[in-house]
Amino acid sequence: MEEHAKVAILLDFYGQLLTPRQYQILDLYYNSDYTLGEIASQLNISRQGVYDGVKKGKNTLKEFEDKLGHVKRFLKHEQALKKILSDLRRVKCAGKVRDGEIIDSCIEELEKVINDL
């Protein structure tokens, strides 16, 4: 996954744990796609101040993820659910409702996801 997208996801999960100013800077940079200069102009701070805020905020988000692991867990669940959906579509397309092996696999995957929540 691209670095920019990773930080945007981290911001979604942990953004409210940042200071309001850090959140504002990162939101403008990663979600609204503003340049450092545009953010500096809007917030009346230097471009270097924005750069430092982005760097510090990004590091803080990564520290939260290292300690809490919510994004990693979310992405793991998302992948498992996508696999289950794909398997169920295969069963439906094949018309093999009696195909117990695939259905059992889907049930096991769902149970894992539910137990891990």
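The values are calculated or read from the model by the stated rules, or taken from the named source; none is laboratory data. Quick caveat, the model's predicted, so the values are computed rather than measured. For neighbour counting, all protein chains shown are included, and Cβ atoms are generated from backbone atoms with ideal geometry for every residue, glycine included.
Observations
- When Ile102, Ile45 are screened for being in contact with an Asp or Glu (Cβ under 6 Å, 6 or more places away or on another chain), farther than 19 Å from Ala8 by Cβ and not small (Gly, Ala, Ser), only Ile102 passes.
- Residues that are in contact with a Ser or Thr (Cβ under 8 Å, 6 or more places away or on another chain) and either under 21 Å from Ile9 (Cβ atoms) or among the small types (Gly, Ala, Ser) (or both) are absent from the stretch 87-97 altogether.
- Boolean, Ser41 is polar (S, T, N, Q) and at pLDDT 95 or above: yes
- Near pairs, Cβ below 9 angstrom, 6+ apart or cross-chain, from the stretch 57-81 (closer than 29 Å to Leu36 by Cβ and not assigned by TED's automatic domain parsing to the domain that holds Ala8) to any residue that is among the polar types (S, T, N, Q) and surrounded by fewer than 13 Cβ atoms within 10 Å (Cβ to Cβ): none
- Elements of type helices (runs of 4 or more DSSP H) in the stretch 20-117, at least 1 residues being surrounded by fewer than 11 Cβ atoms within 10 Å (Cβ to Cβ) and under 17 Å from the mean Cα position of the chain (by Cα): 47-68, 70-94
- Boolean, Asn44 is on the phi > 0 side of the Ramachandran plot and outside the structural domain of Gln79 (by TED's automatic domain parsing): yes
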